[in-house]
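The next block holds one structure in the form of structure tokens; read it before the comments.
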Amino acid sequence: MRIDDFEWDEGNIEKNLLKHNVTPEEAEEAFSSNPRRVFKAKYGRYHLYGQTQTGRLLFVVFEVKGTVARVVSVRDMDKKERKLFKS
């Protein structure tokens, strides 16, 4: 999957910042992390497990339109997700 750009809804930016303390820049870093894991989810969405440049482990829900990712939600990985990411 190739992602060249990101699309952000103002409501999602605010929600992710207030509820999960994650900035759009951090979420975008997770897409270029190595390693990262991407899984197809329900309703045409995807789940990404990735890491920021500072080592923060993030779980990202996103949709894809061509090569543009639209981030729906982003938060820190829980214990189960960290285990899956590191396996």
Condition set assigned to a helix (DSSP H, G or I) and charged (D, E, K, R), scope region 1-24, selection modelled with the lowest pLDDT: answer is 10
Can you name the residue in region 41-60 that is in contact with a strand residue (DSSP E or B) (Cβ under 7 Å, 6 or more places away or on another chain), aromatic (Phe, Trp, Tyr) and without any contact (Cβ under 8 Å) to a residue 40 or more places away in the chain and is also farthest from residue 12 (Cα to Cα) among such residues? 49
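Given the structure, is residue 70 part of a loop (DSSP other than H, G, I, E, B), of a type in the set (Lys, Arg) and touching a residue at least 60 places away in the same chain (Cβ under 8 Å)? First the steps, then the outcome.
Details: part of a loop (DSSP other than H, G, I, E, B): no; of a type in the set (Lys, Arg): yes; touching a residue at least 60 places away in the same chain (Cβ under 8 Å): yes.
In short, no.
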What are the pairs, 6+ residues apart or on separate chains, where a residue within region 23-34 that is under 18 Å from residue 11 (Cβ atoms) has its Cβ under 6 Å from a residue that is buried (at least 19 other Cβ atoms within 10 Å of the Cβ)? 27/60; 27/71; 27/74
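For residue 11, are the conditions met, namely being of a type in the set (Gly, Ala, Ser), out of contact with any His (no Cβ under 8 Å at 6 or more places or on another chain), more than 19 Å from residue 83 (Cα to Cα) and surrounded by fewer than 16 Cβ atoms within 10 Å (Cβ to Cβ)? Show your work before the answer.
On the way: of a type in the set (Gly, Ala, Ser): yes; out of contact with any His (no Cβ under 8 Å at 6 or more places or on another chain): yes; more than 19 Å from residue 83 (Cα to Cα): yes; surrounded by fewer than 16 Cβ atoms within 10 Å (Cβ to Cβ): yes.
Criteria met by residue 11.
Out of 28, 63, report the one residue that is of a type outside the set (Gly, Ala, Ser), assigned to a helix (DSSP H, G or I) and touching a strand residue (DSSP E or B) at 6+ places or on another chain (Cβ under 7 Å). So that I can check it myself, show each step before the final result.
On the way: 63 fails: assigned to a helix (DSSP H, G or I).
Exactly one of 28, 63 is of a type outside the set (Gly, Ala, Ser), assigned to a helix (DSSP H, G or I) and touching a strand residue (DSSP E or B) at 6+ places or on another chain (Cβ under 7 Å), namely 28.
The values are calculated or read from the model by the stated rules, or taken from the named source; none is laboratory data. It should be emphasised that the depicted structure is a prediction, and the values quoted were computed from it without experimental measurement. Virtual Cβ from ideal backbone geometry, glycine too; neighbours counted across all protein chains shown.
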